[in-house]
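**Student:** The structure follows.
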Amino acid sequence: MSDNPTQTDTQSDTPANTHADPLVIRYLEYLGPMSSREGWRPDPTHPEIAFVGRSNVGKSSLLNRLMKRKAFARVSNTPGRTREIHFFDVNRQFVLADLPGYGYARISKARKAEWRPLIEGYLKDSPKLWGVVQLLDIRHDPTDDDMTMLDFLAELGVPTIFAVTKVDKLGRSQIATRVRELSTQLGLDPDQIVPFSAQTGEGRDELAAALMSLLAMPDWKLPATDDEAETADTAGE
């Protein structure tokens, strides 16, 4: 993504027959960047969904496909360049937070030291954080940086959707094998991982549906109601 994305306020360019689309984009506005833990950020008026992943995982391309916009998130030729959290209002329904990619080896230690407080501070402090989409490259095992992020999200207890990118680089049987392997490494069921291709659009509607289901959930930071606690107790019996 570029360091200075332009503000957009658009109407959907999708065909009229969109009954099967879980997330029809009717309104999209760039709200601005957050460059430090104590810096500016948009007023927390809507639920926020954060997208995180290593540099070069294909996050910008995934976001472009998810939003059905060619230049929603601008793809940088230099992994690790983006240093800010970028916020977008989607349908006046939720805010998408595009977090800087982590783990790029050529970035200086000083730059990495700046990013960690920004990313962790946002995830800890945002009063409207509704969930996180964690991205992994299907071709590679999770790195130490990936596992650090996953441990951090688990410690917070934030609801997390897992998506694996660049599935078009593999054959169909290889995709199934890699999803099983990654699910074992992450302690997940294979059906908890969304295979995604920004090139072909595979997984776009599945990820969009997962986002909508996440937004329909109650705020994870609030104590469970009596009905929710009873449902959880019943499920555990």
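**Student:** Could you list, ordered by first residue, the pairs with Cβ atoms under 9 Å in which the first is in the stretch 204-223 and under 18 Å from L135 (Cβ atoms) and the second is of a type in the set (K, R) and outside any helix (DSSP H, G or I), at least 6 apart or interchain?
**Tutor:** Correct list of pairs: R204/K68.
**Student:** If you scan the stretch 183-205, which residues turn out to be in contact with a Phe, Trp or Tyr (Cβ under 8 Å, 6 or more places away or on another chain) and assigned to a helix (DSSP H, G or I)?
**Tutor:** L186, Q192, R204
**Student:** For the subset of the stretch 150-175 comprising residues that are part of a helix (DSSP H, G or I) and without any contact (Cβ under 8 Å) to a residue 12 or more places away in the chain, which member is nearest to R54 (Cα to Cα)?
**Tutor:** Ranking the qualifying residues of the stretch 150-175, first place goes to D151.
**Student:** Out of all the residues in the stretch 85-98, is one or more surrounded by fewer than 15 Cβ atoms within 10 Å (Cβ to Cβ) and modelled with pLDDT under 95?
**Tutor:** No, because not a single residue in the stretch 85-98 is surrounded by fewer than 15 Cβ atoms within 10 Å (Cβ to Cβ) and modelled with pLDDT under 95.
**Student:** If you check L123 against the conditions, is it in a helix (DSSP H, G or I), closer than 19 Å to P218 by Cα and touching a residue at least 40 places away in the same chain (Cβ under 8 Å)?
**Tutor:** Against the criterion (in a helix (DSSP H, G or I), closer than 19 Å to P218 by Cα and touching a residue at least 40 places away in the same chain (Cβ under 8 Å)), L123 qualifies.
**Student:** Within the stretch 167-187, which residues are more than 19 Å from D144 (Cβ to Cβ) and among the β-branched types (V, I, T)?
**Tutor:** Hits for the stretch 167-187 are V167, I175, T177, V179.
**Student:** Do you know which residues across the stretch 42-69 are within 28 Å of P218 (Cβ to Cβ), out of contact with any helix residue (DSSP H, G or I) (no Cβ under 8 Å at 6 or more places or on another chain) and either modelled with pLDDT under 95 or not aliphatic (A, V, I, L, M) (or both)?
**Tutor:** P42, D43, P44, T45, H46, E48, K59
**Student:** Separate question: Quickly run through the stretch 137-169 and pick out the residues that are farther than 14 Å from G203 by Cα, crowded, with 22+ Cβ neighbours inside 10 Å and in contact with a Phe, Trp or Tyr (Cβ under 8 Å, 6 or more places away or on another chain).
**Tutor:** Across the stretch 137-169, the qualifying residue is only M149.
The values are calculated or read from the model by the stated rules, or taken from the named source; none is laboratory data. None of the values given here were measured: they were computed from a predicted structure. Heads up, the Cβs are rebuilt from the backbone with ideal geometry, glycines too, and the neighbour counts pull from every protein chain shown.
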